[in-house]
Each structure stands twice: as C-alpha cells, then as structure tokens.
Amino acid sequence: MNKFFVFNFFSKQRVIVSSSLVGCSLLLTACAGTSGLSWSSLSPFNWFGSSLNVSEQGLGEINKQTDMAKSVIERGLEGKYHLRSGMEMQNGKLVSIIQGMKDNQVKLEFYGLLNGKVNRIDVLDEGIKTVWGTEVGTSFSRLYDKAFGVCQRSQDFTVQPAVICIAPQSQHVSYVFTGTWDGPEELLPSDDVLKNWKILRIIWKS
C-alpha cells in the first residue's frame, strides 16, 4: 500500500513540475535564488529519510527471518557498507559474525548461528536512528528518569564503564551507555551520574 501511494505521489509531482516549467519559468528563477536551498534535498527519495532504522522487528528489512549470509545482508543494507565475516564460540556454540564497515571502522555487527538466521544486531553508526528517534550519542536523561529495573552493569564491551538498558518502547531493543564513573565495577552508577552518559551502541535481539 505504501509503495502504491508513493508512486502516485511522485506522478503528481512530475505533472506539477512539468506545468511549472512550461507555464512559469520565473518560478524556477525564484527558487534558484533562494538562500540556502539545496536542490538535492528536493529529491523525493530524500523526503522519507534512510530506510535503515532500528525497530522492534530489526534493522530496516533485516530481521529474525534474514539468513546469516553476506549477500543477503548486503542487499538489506542497500550496499552502503563493506562487509566482512568471521566466527566465534559463544556458550559452546559456533556463532557467525558479519560486520558492516565504513571508513575502516565497524559500524554494524550481525550475529547468528552458522547457517542460521540473524538473532542480534549491534548498531554503532551515528547515522542510524531508531524509529523512536534514538541514536548513538543520545543522553541517558532523554530516555530515563531512573535506571532501577531497566539497566544493569555490563562487562561485555571493550569500552568501560558500560551500562545496558532496555528501550522504553521494546524489549527487543537495548541501549549501551558509557560515561565517567570512578566507583566499583560491580555497582550501577547513580541516576545523577548516569544522566550525562551517552549511547555507545544500539542492540536489537530477536
């Protein structure tokens, strides 16, 4: 239904633009002289933003039904990332890992059993948001009043200290926060300390 709507919407735009070109060339002259106007921003494909958003279902079209295969994930990422793959042992099981790279930096990580389906996605790319507007760099205080019941300390990440919190909108999405903390490793920092911590990565799990 959405594709049908967009197709028809674009068709109307083409008619309007064509009419403007024939009937009133002054319109283009006025628009071209508008300060700060970016013609690329007028492209219909930019009106809707990136389709790579994190939601309860996954990342864009990549979800728990997606095969852990580079070719499949590359299509789901619209060719925007260079992919590399590897494997590791987790809890006695062989897990496949596919990383999405940009500028030689890891921006995305996909996890799943070998020859299985995607069951976890880690987002480190600052350019990807959740459907709720959250992104890497969002502060703790924008999302939570208290950490109790939704957050816990985590030693699973290279960057420390780290706290992982369940997203208010979905049990499938979590946020990893990091910041300044001089207390014991096993303790959860106070809410007053956490309020200035920032999201380091966004995690989706099936």
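Rule-of-thumb check for segment 46-103: C-alpha Rg over 2.2 N^0.38 Å?
Numbers: Rg = 13.1 Å, N = 58, 2.2 N^0.38 = 10.3 Å.
It is 1.27.
Among P161, V72, G179, whose Cα lies farthest out toward the positive end of the dipole of segment 68-206, if unit charges sit on the beta carbon of Lys, Arg (+1) and Asp, Glu (-1)?
Of P161, V72, G179, it is V72.
Could you compute the FRET efficiency for D156 and Q57, with r as their C-beta to C-beta distance and R0 at 22 Å, rounded to 0.05?
Values: r = 24 Å, r/R0 = 1.08.
It comes to 0.40.
Over its Cα atoms, what ratio of radius of gyration to 2.2 N^0.38 Å does segment 123-206 give? Let's see the in-between values first.
On the way: Rg = 11.8 Å, N = 84, 2.2 N^0.38 = 11.8 Å.
It is 1.00.
Mind checking the full-extension length gain between E109 and K205? Use 0.36 nm per residue of separation minus the Cα-Cα distance, one decimal, nm.
Working: separation 96, 0.36 × 96 = 34.56 nm, distance 1.18 nm.
Taking 0.36 nm per residue and subtracting the Cα distance, the gain is 33.4 nm.
So what does log10 I(q)/I(0) come out to for segment 77-187 at q = 0.10, 0.13, 0.22 Å⁻¹, using the Debye formula with one equal point on every Cα and no solvent?
Evaluating at q = 0.10, 0.13, 0.22 Å⁻¹ gives log10 I(q)/I(0) of -0.35, -0.60, -1.38.
No lab work stands behind these numbers, since they all come straight from the coordinates. As the structure is a computational prediction, the values presented were derived from the model and not from experiment. Positions of Cβ are backbone-derived with ideal geometry, glycine not excepted, and every protein chain shown enters the neighbour counts.
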